[in-house]
Amino acid sequence: AVVSTQSTGNHDGEFLATGDKGGRVVIFQKDLGAKGEYSVYSTFQSHEPQFDYLKSLEIEEKINEIQWLKRQNNNLFLLSTNDKTIKLWKISERRYRLDGFNLFDEYGTQRDPRSINSLRIPHLVPVNEFTVEATPKKLYDKAHMYHINSISLNSDDETYLSADDLRINLWHLDSINECYNVVDIKPANMEELTEVITAAKFHPMHCYHFVYSSSKGTIRLCDMRARALCDQHAKLFEEPEDSTTRSFFSEIISSISDVKFSSCGRYMVSRDYLTVKLWDLNMDSKPIETYNVHEYLRSKLCSLYENDCIFDKFEVVWGGTSDSILTGSYNNFFRIFDRTNNRDACFEASRESAKPRTQLKHCKVGVGPKRRKDEISVEMLDFNHKILHAHWHPKENVIAVAATNNLYLFTGK
């Protein structure tokens, strides 16, 4: 199975969740006293394959996104979604078992009623090894005609967004029977469709603000205080197009695959095919910072279009203090941009680099016939191995990157 969703950590970084194409969710727990080391905590089947008989469509079990809810007690809660159905899961530990039944012995077999001489009161007995149970609590479905691409929990911890290609819905966690449509860009005539929604995210502090990105390279900030249906945006973030560099692929590579707010809520970062852009919410005319992820692929866009790699959706994540940005690339490369020192570094996620206490080496890609000894040729890149999803620990210098069917964890000094 291929890890198909981002490695999502809960709010204190103690737990890490991944989802795969088989509909499974694997939760890892941080080992006490060990930096950057996690062990498997629980594995459960979140989604099963389904068939839509009205549309004659098979609905894959593949997990598209996972969102942790803030922890309120000893139990964990998370939202997981495939293309059509969102589920709320409760993850709990069973540390006790019931004992002292009258009609059954400790092994569960029925006792002879004639042998019962006294009345016993059942009580809880601690067990040596606890078990972890995953229980589905809510099922949110039948609200999206198109494939769900993102879900985002609100700062009020009561509502969340779910977005597909043309609509964004607002849900209350307690209500499974209704949701509110807050964005609808579906035209009356589908032949007039010019863009689709690619991601939607709530503001980390203001429960009435959210943004959504589009395939045209724009980000719209919406204010739910202004109107119930947010078809009219409050702000539009768009970089002016350079007409001198326009080509057949311009619109494809400008499509935004992911957008994230910084922890302070002042900035947001977006990822398109070739670049990462940093935006200030107070300035919508242009990004304040732009980082090239793999500019060396610009000359390969034609072949990338032919093998469909140009449509890959790369995720971008903030570092814990929002001073760094992490995103993936091909050949299992991932790139970290240090905003404070204005530097960037490219590393490779592999079994050799993931060995304990192995220091990562910088990777460089050479373009042209002449290249240095430590550079890899752009012609030698493996486009079947790519890092689409990643996560950065909210408090520590620990990152997780998902590469094909492997999850790699790296710690910084």
Tail fraction, Cα-Cα pairs, the range 23-105, threshold 18 Å, whole percent
60
Share, in percent, of DSSP beta bridges within the range 7-55 that are antiparallel, nearest 5:
100
Based on the alpha carbon coordinates of the chain, what radius of gyration and maximum Cα-Cα distance (Dmax) apply, in Å?
24.1, 94
Surface/4 of the Cα convex hull for the range 296-380, nm²
7.3
Greater than 22 Å separation of Cα atoms is the criterion. Which listed pairs, K313/K386; K30/K84; K55/K84; K70/K395, meet it?
K30/K84
How many angstrom separate the Cα center of the range 164-239 from the Cα center of the range 366-413?
32
Dimensions (Å) - the range 233-277, Cα atoms, principal axes, largest first
37, 21, 16
Tell me which GluC sites (Glu not before Pro) from the range 250-355 have a DSSP coil assignment and no more than 13 other beta carbons within 10 Å of their own.
E352
Residues of the chain: accessible area per residue with a 1.4 Å probe, Å²:
54
Return the sequence-ordered ³J(HN,Hα) values of the range 251-265 in whole Hz as given by the Karplus equation 6.51 cos²θ - 1.76 cosθ + 1.60 applied to θ = phi - 60°, using x for Gly and Pro.
5, 5, 6, 8, 4, 7, 8, 7, 9, 9, 7, 6, 5, 7, x
Report, to the nearest whole %, how much of the accessible area of the chain belongs to carbon and sulfur atoms, 1.4 Å probe, protein only.
49
When N counts the residues of the range 341-393, how does its alpha-carbon radius of gyration compare numerically with 2.2 N^0.38 Å, as a ratio?
1.34
For the range 216-298, alpha-carbon Rg and Dmax in angstrom:
13.9, 44
If packing is taken as the average count of other Cβ atoms within 10 Å, what order do 114-122, 199-207, 60-68 fall into, highest mean first?
60-68, 199-207, 114-122
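The values are calculated or read from the model by the stated rules, or taken from the named source; none is laboratory data. Owing to the predicted nature of the structure, the values given are computational and were not obtained by experimental measurement. All Cβ positions, even for glycine, are placed from backbone atoms using ideal geometry, and neighbour counts span all protein chains on display. Note: accessible area is taken over every heavy atom of the protein model, side chains too, but ligands, DNA and RNA are not part of it. Shrake-Rupley method; radii C 1.70, N 1.55, O 1.52, S 1.80 Å.
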